[in-house]
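Here the structure is laid out as C-alpha coordinates; the discussion comes afterwards.
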Amino acid sequence: MPINRKKKMCPELKVIALGDARVGKTSLLKALAGGSSATATAGVDFRVRVSEVGSGLAKIQLWDTADQEKYGACALPAAYFRHARAALLVFDVTDGNSFANVARWAEQLQSFHNGREFSVVLVANRSEVSPLKRLVSTRRGQQLARALDAKYVECNTLDGTNTEQVFELLTDAMATTSSWSPSSEAIAASVKDEVTPAKIETDSANAEWSVPVPMEAPQDHYSRRVAPVSSTTA
(Lines give C-alpha, C1' and ligand atoms only; values in the text may rest on other atoms or scores of the structure.)
Protein backbone atom coordinates (compact mmCIF):
# COMPACT_ATOMS: atom_id res chain seq x y z
CA MET A 1 0.00 0.00 0.00
CA PRO A 2 1.17 3.59 -0.62
CA ILE A 3 1.19 4.37 3.09
CA ASN A 4 3.53 1.49 3.81
CA ARG A 5 5.86 2.55 1.01
CA LYS A 6 6.01 6.04 2.46
CA LYS A 7 6.85 4.64 5.88
CA LYS A 8 9.71 2.64 4.38
CA MET A 9 11.02 5.73 2.59
CA CYS A 10 10.99 7.83 5.76
CA PRO A 11 14.68 8.18 6.75
CA GLU A 12 15.85 7.55 10.30
CA LEU A 13 17.99 10.24 11.92
CA LYS A 14 19.85 9.30 15.10
CA VAL A 15 20.23 12.02 17.75
CA ILE A 16 22.28 11.37 20.89
CA ALA A 17 22.14 13.19 24.23
CA LEU A 18 25.34 13.85 26.16
CA GLY A 19 26.06 15.49 29.50
CA ASP A 20 26.70 14.77 33.15
CA ALA A 21 24.33 12.68 35.25
CA ARG A 22 21.27 14.47 36.63
CA VAL A 23 21.36 17.45 34.25
CA GLY A 24 17.93 16.54 32.85
CA LYS A 25 18.73 14.60 29.67
CA THR A 26 16.11 11.89 30.14
CA SER A 27 13.41 14.41 31.08
CA LEU A 28 14.32 16.46 28.02
CA LEU A 29 14.14 13.49 25.66
CA LYS A 30 10.79 12.44 27.09
CA ALA A 31 9.46 15.93 26.43
CA LEU A 32 10.87 16.00 22.90
CA ALA A 33 9.31 12.63 22.11
CA GLY A 34 5.93 13.72 23.40
CA GLY A 35 5.78 11.01 26.04
CA SER A 36 6.32 8.07 23.67
CA SER A 37 7.68 4.95 25.35
CA ALA A 38 11.39 4.14 25.23
CA THR A 39 12.93 1.16 23.43
CA ALA A 40 15.95 -0.46 25.10
CA THR A 41 18.82 -1.72 22.97
CA ALA A 42 22.51 -2.42 23.65
CA GLY A 43 22.39 -0.80 27.08
CA VAL A 44 20.79 2.44 25.90
CA ASP A 45 17.25 3.72 25.47
CA PHE A 46 15.77 5.62 22.57
CA ARG A 47 12.47 7.22 21.69
CA VAL A 48 11.11 8.03 18.23
CA ARG A 49 9.32 11.06 16.89
CA VAL A 50 8.35 11.72 13.28
CA SER A 51 8.82 15.30 12.17
CA GLU A 52 9.51 17.44 9.15
CA VAL A 53 13.22 17.90 8.51
CA GLY A 54 13.93 20.12 5.54
CA SER A 55 11.58 19.19 2.71
CA GLY A 56 10.47 15.81 4.00
CA LEU A 57 9.55 13.69 6.99
CA ALA A 58 12.04 11.76 9.07
CA LYS A 59 11.96 9.36 11.99
CA ILE A 60 14.07 11.03 14.63
CA GLN A 61 15.56 8.57 17.10
CA LEU A 62 16.36 10.26 20.42
CA TRP A 63 19.03 8.18 22.17
CA ASP A 64 19.57 8.29 25.93
CA THR A 65 22.60 7.03 27.87
CA ALA A 66 20.53 4.99 30.35
CA ASP A 67 22.58 6.44 33.23
CA GLN A 68 25.90 5.10 31.91
CA GLU A 69 27.34 8.63 31.79
CA LYS A 70 27.95 8.52 35.55
CA TYR A 71 30.93 6.29 34.76
CA GLY A 72 32.40 8.88 32.38
CA ALA A 73 32.41 9.57 28.67
CA CYS A 74 34.70 6.62 27.97
CA ALA A 75 32.14 4.26 29.52
CA LEU A 76 29.68 4.93 26.71
CA PRO A 77 29.88 2.29 23.98
CA ALA A 78 31.22 3.36 20.60
CA ALA A 79 27.92 2.23 19.09
CA TYR A 80 26.21 5.07 20.96
CA PHE A 81 28.15 7.62 18.89
CA ARG A 82 28.27 5.86 15.55
CA HIS A 83 25.85 6.81 12.78
CA ALA A 84 24.52 9.75 14.80
CA ARG A 85 23.29 12.71 12.79
CA ALA A 86 23.18 15.22 15.65
CA ALA A 87 23.83 15.61 19.37
CA LEU A 88 22.24 17.45 22.27
CA LEU A 89 24.91 18.59 24.73
CA VAL A 90 23.09 19.30 28.00
CA PHE A 91 24.24 21.09 31.15
CA ASP A 92 22.55 22.48 34.27
CA VAL A 93 22.91 26.26 34.79
CA THR A 94 23.01 25.67 38.57
CA ASP A 95 25.89 23.19 38.28
CA GLY A 96 29.19 24.72 37.22
CA ASN A 97 30.85 21.32 36.92
CA SER A 98 28.29 20.14 34.38
CA PHE A 99 29.09 23.23 32.29
CA ALA A 100 32.85 22.67 32.49
CA ASN A 101 32.42 18.99 31.63
CA VAL A 102 30.76 19.85 28.33
CA ALA A 103 34.33 20.13 27.03
CA ARG A 104 34.93 16.50 27.98
CA TRP A 105 31.78 15.30 26.24
CA ALA A 106 32.59 17.40 23.18
CA GLU A 107 36.05 15.84 22.98
CA GLN A 108 34.53 12.38 22.90
CA LEU A 109 32.06 13.52 20.25
CA GLN A 110 34.85 14.97 18.12
CA SER A 111 36.62 11.62 17.97
CA PHE A 112 33.67 10.29 15.97
CA HIS A 113 32.23 13.26 14.10
CA ASN A 114 34.77 16.07 13.72
CA GLY A 115 34.74 17.34 10.12
CA ARG A 116 31.68 15.29 9.19
CA GLU A 117 28.15 16.36 8.37
CA PHE A 118 26.83 16.76 11.88
CA SER A 119 24.75 19.12 14.02
CA VAL A 120 25.07 20.05 17.70
CA VAL A 121 22.65 21.89 19.99
CA LEU A 122 23.92 23.11 23.36
CA VAL A 123 21.06 22.98 25.87
CA ALA A 124 21.16 24.97 29.12
CA ASN A 125 18.65 23.36 31.48
CA ARG A 126 16.91 24.84 34.56
CA SER A 127 16.97 28.34 33.07
CA GLU A 128 14.03 29.50 35.22
CA VAL A 129 15.90 29.33 38.54
CA SER A 130 16.59 32.35 40.73
CA PRO A 131 19.64 34.42 39.66
CA LEU A 132 21.15 33.61 43.06
CA LYS A 133 21.18 29.91 42.17
CA ARG A 134 22.34 30.31 38.60
CA LEU A 135 26.07 29.72 38.05
CA VAL A 136 26.26 29.85 34.25
CA SER A 137 25.04 32.97 32.45
CA THR A 138 23.41 33.12 29.04
CA ARG A 139 26.44 34.98 27.77
CA ARG A 140 28.82 32.18 28.74
CA GLY A 141 26.50 29.58 27.28
CA GLN A 142 26.42 31.43 23.97
CA GLN A 143 30.20 31.76 24.02
CA LEU A 144 30.61 28.02 24.49
CA ALA A 145 28.07 27.32 21.74
CA ARG A 146 30.11 29.38 19.28
CA ALA A 147 33.24 27.42 20.19
CA LEU A 148 31.30 24.18 19.73
CA ASP A 149 29.95 25.27 16.33
CA ALA A 150 26.54 24.65 17.89
CA LYS A 151 23.10 26.17 18.27
CA TYR A 152 22.20 27.40 21.76
CA VAL A 153 18.92 27.26 23.66
CA GLU A 154 17.79 27.51 27.28
CA CYS A 155 14.94 25.46 28.72
CA ASN A 156 13.46 24.07 31.91
CA THR A 157 12.51 20.41 31.81
CA LEU A 158 10.75 20.65 35.18
CA ASP A 159 7.85 22.65 33.74
CA GLY A 160 8.44 22.15 30.00
CA THR A 161 9.46 25.75 29.30
CA ASN A 162 11.08 25.98 25.87
CA THR A 163 11.50 22.23 25.38
CA GLU A 164 9.67 22.36 22.05
CA GLN A 165 12.08 25.07 20.98
CA VAL A 166 14.91 22.60 21.58
CA PHE A 167 13.31 20.20 19.13
CA GLU A 168 12.70 22.94 16.59
CA LEU A 169 16.33 24.08 16.75
CA LEU A 170 17.45 20.47 16.40
CA THR A 171 15.40 19.77 13.27
CA ASP A 172 16.31 23.10 11.69
CA ALA A 173 20.00 22.41 12.35
CA MET A 174 19.79 18.97 10.75
CA ALA A 175 18.02 20.44 7.71
CA THR A 176 20.74 23.02 7.08
CA THR A 177 23.81 21.24 8.43
CA SER A 178 27.35 21.41 7.14
CA SER A 179 30.69 20.00 8.22
CA TRP A 180 31.00 20.19 12.02
CA SER A 181 34.17 22.06 12.99
CA PRO A 182 34.41 22.92 16.70
CA SER A 183 37.45 24.68 18.16
CA SER A 184 39.05 22.68 20.98
CA GLU A 185 41.05 25.69 22.16
CA ALA A 186 38.00 27.96 22.25
CA ILE A 187 35.96 25.29 24.05
CA ALA A 188 38.60 24.97 26.76
CA ALA A 189 38.78 28.75 27.15
CA SER A 190 34.99 29.02 27.38
CA VAL A 191 34.65 26.64 30.32
CA LYS A 192 37.78 27.41 32.37
CA ASP A 193 36.57 30.58 34.15
CA GLU A 194 35.24 30.25 37.68
CA VAL A 195 31.44 30.31 37.84
CA THR A 196 29.93 32.09 40.84
CA PRO A 197 26.79 34.17 41.46
CA ALA A 198 29.04 37.25 41.54
CA LYS A 199 30.35 36.36 38.09
CA ILE A 200 26.79 35.97 36.82
CA GLU A 201 25.93 39.44 38.12
CA THR A 202 28.91 40.90 36.24
CA ASP A 203 27.98 39.06 33.06
CA SER A 204 24.41 40.28 33.41
CA ALA A 205 25.55 43.88 33.54
CA ASN A 206 27.81 43.56 30.50
CA ALA A 207 26.04 41.06 28.27
CA GLU A 208 23.78 41.69 25.34
CA TRP A 209 20.97 39.45 26.49
CA SER A 210 19.82 37.97 23.23
CA VAL A 211 18.92 34.33 23.71
CA PRO A 212 18.78 33.15 20.09
CA VAL A 213 15.50 31.29 20.55
CA PRO A 214 12.29 33.10 21.59
CA MET A 215 10.23 31.62 24.39
CA GLU A 216 7.25 31.21 22.08
CA ALA A 217 7.55 30.19 18.45
CA PRO A 218 5.09 31.30 15.74
CA GLN A 219 2.03 29.10 15.75
CA ASP A 220 2.09 28.45 12.01
CA HIS A 221 5.55 26.91 12.30
CA TYR A 222 4.36 24.35 14.82
CA SER A 223 1.47 23.40 12.57
CA ARG A 224 3.98 21.67 10.29
CA ARG A 225 5.07 19.28 13.03
CA VAL A 226 3.86 15.72 13.14
CA ALA A 227 2.61 14.05 16.30
CA PRO A 228 4.93 11.59 18.09
CA VAL A 229 5.00 8.06 16.75
CA SER A 230 2.68 5.71 18.60
CA SER A 231 4.19 2.64 20.20
CA THR A 232 1.53 0.51 18.45
CA THR A 233 0.90 0.06 14.76
CA ALA A 234 -2.39 0.15 13.03
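Can you say whether Ala234 is over 24 Å from Glu128 (Cβ atoms), at pLDDT 50 or above, hydrophobic (A, V, I, L, M, F, W, C) and surrounded by fewer than 15 Cβ atoms within 10 Å (Cβ to Cβ), as far as the supplied structure shows?
Working: over 24 Å from Glu128 (Cβ atoms): yes; at pLDDT 50 or above: no; hydrophobic (A, V, I, L, M, F, W, C): yes; surrounded by fewer than 15 Cβ atoms within 10 Å (Cβ to Cβ): yes.
So Ala234 fails the test.
List the residue pairs whose Cβ atoms are under 8 Å apart, where the first residue sits in region 81-104 and is basic (Lys, Arg), the second is crowded, with 21+ Cβ neighbours inside 10 Å and in a loop (DSSP other than H, G, I, E, B), and the two are 6 or more positions apart or on different chains.
Arg85/Phe118
Evaluate region 178-191: report whether one residue or more is under 23 Å from Ile60 (Cα atoms) and in a helix (DSSP H, G or I).
Checking region 178-191: not a single residue is under 23 Å from Ile60 (Cα atoms) and in a helix (DSSP H, G or I).
Looking at (1) of a type outside the set (Ser, Thr, Tyr); (2) surrounded by fewer than 20 Cβ atoms within 10 Å (Cβ to Cβ); (3) modelled with pLDDT of 80 or more, which is the one condition that is false for Ala75?
Just one mismatch for Ala75, condition (3).
Quick check on region 98-111. Is at least one of its residues modelled with pLDDT under 95, buried (at least 20 other Cβ atoms within 10 Å of the Cβ) and closer than 18 Å to Leu13 by Cβ?
Looking through region 98-111, at least one residue is modelled with pLDDT under 95, buried (at least 20 other Cβ atoms within 10 Å of the Cβ) and closer than 18 Å to Leu13 by Cβ.
Anything in region 154-190 that is farther than 22 Å from Ser55 by Cβ, surrounded by fewer than 18 Cβ atoms within 10 Å (Cβ to Cβ) and either of a type outside the set (A, V, I, L, M) or in contact (Cβ under 8 Å) with a residue 60 or more places away in the chain (or both)? List them, or say none.
Leu158, Asp159, Gly160, Thr161, Ser181, Ser183, Ser184, Glu185, Ala188
Report, ordered by the first and then the second residue, all pairs with beta carbons closer than 8 Å, sequence separation of six or more or different chains, a first member in region 123-140 that is in contact (Cβ under 8 Å) with a residue 40 or more places away in the chain, and a second member that is loosely packed, with under 14 Cβ neighbours inside 10 Å and among the β-branched types (Val, Ile, Thr).
As it stands, the answer is Leu135/Thr196, since those pairs meet every condition given.
Evaluate the following for Asp95: is it modelled with pLDDT of 90 or more and not aliphatic (A, V, I, L, M)? I'd like the intermediate steps shown before the answer.
Numbers: modelled with pLDDT of 90 or more: yes; not aliphatic (A, V, I, L, M): yes.
Answer is yes for this residue.
Filter region 192-214 for residues that are part of a loop (DSSP other than H, G, I, E, B), among the charged types (D, E, K, R) and either at pLDDT below 55 or in contact with a strand residue (DSSP E or B) (Cβ under 6 Å, 6 or more places away or on another chain) (or both) and give the result.
Hits for region 192-214 are Glu194, Glu208.
Between Arg116, Arg47, which is farther than 28 Å from Thr138 by Cβ, at pLDDT below 95 and surrounded by 20 or more Cβ atoms within 10 Å (Cβ to Cβ)?
Going through Arg116, Arg47 in turn, the sole match is Arg47.
Can you tell me which condition Leu144 does not meet? The list is (1) buried (at least 21 other Cβ atoms within 10 Å of the Cβ); (2) of a type outside the set (Val, Ile, Thr); (3) modelled with pLDDT under 95, and all the others hold.
All conditions are met except number (3).
The values are calculated or read from the model by the stated rules, or taken from the named source; none is laboratory data. Treat the numbers as computed from the prediction; the structure is a model and nothing was measured. FYI the Cβ positions are ideal-geometry reconstructions off the backbone, even for glycines, and counts take in every protein chain you see.
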